[in-house]
1. Give me the pairs, please: first residue somewhere in region 115-126 and charged (D, E, K, R), second residue anywhere and part of a helix (DSSP H, G or I) and open to solvent by less than 80 Å² (accessible area, probe 1.4 Å), beta-carbon distance under 7 Å, and either six or more positions apart or on two chains.
2. What is the residue count in region 16-27 for residues that are open to solvent by 70 Å² or more (accessible area, probe 1.4 Å) and under 11 Å from V120 (Cα atoms)?
3. When you scan region 124-138, do you find a residue that is at pLDDT 85 or above, open to solvent by less than 40 Å² (accessible area, probe 1.4 Å) and either more than 30 Å from D180 (Cβ to Cβ) or assigned to a helix (DSSP H, G or I) (or both), even just one?
Amino acid sequence: MVLRGDVRRAMNGVPTLIELEDDAETSHPSLKCSALQLDAARKGVDLAKKAYFPDFQIIGSSYTPRGPFSANNGALFYQFELDLIIPLSFLTKEKYGVEQAQRNQAAAEAGNISNRQQIVLAVNTAYAAYEQDKNQTQFLRDRQVPQADAAYKVGLTQYSNNGQGFNDLLTAQTQLRNLDVALA
């Protein structure tokens, strides 16, 4: 069985750590979710602050008085009403609403930072594992496989000259094959 991997092509196609971090920060779904939550929390603070302002209400209606005792029976009357609703109770409810909205915004900001840190950490961990595998591959290719190959050839030569046992030859061959598999 022959195992071969195109290691050079695989290593050339890997972007840098900075590119991977930027890509993860712009396209990761949990970061998009936390950014939308942060935006909603900011809008919640703005809306809570608007509760300090009085509310206005305009009502327009029309009616026709009907009945035996009404003058102008059948005449159409119009009525307009303008209401001004001022928050009372010394604005305590509105103050607590704004404070809660600000706390929600702070929690959303902290969640966004936490998500960003976790994703960057995951990218860094994966990249460190890649670098370690790359160094291990280079070590296998440059040092261990040639040494195992040389040991196998020496063992084969000594076995053919009745200088070494068959078990030693099989051990050298097994080590060489194991290193070939690890390299692939």
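1. R116/E25; R116/L31
2. 3
3. No - not one qualifying residue is present in region 124-138.
Table: residues versus (1) modelled with pLDDT of 80 or more; (2) among the basic types (K, R); (3) under 26 Å from the mean Cα position of the chain (by Cα).
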residue	(1), (2), (3)
P29	yes, no, yes
G44	yes, no, yes
G67	no, no, no
F80	yes, no, no
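The values are calculated or read from the model by the stated rules, or taken from the named source; none is laboratory data. Worth saying up front: this structure is predicted, and the values here are computed from it rather than measured. Neighbour counts are summed over all protein chains in view; Cβ atoms, including those assigned to glycine, are modelled from backbone coordinates with ideal geometry. Keep in mind that these areas ignore ligands, DNA and RNA; they rest on the heavy atoms of the full protein, side chains included. Shrake-Rupley method; radii C 1.70, N 1.55, O 1.52, S 1.80 Å.
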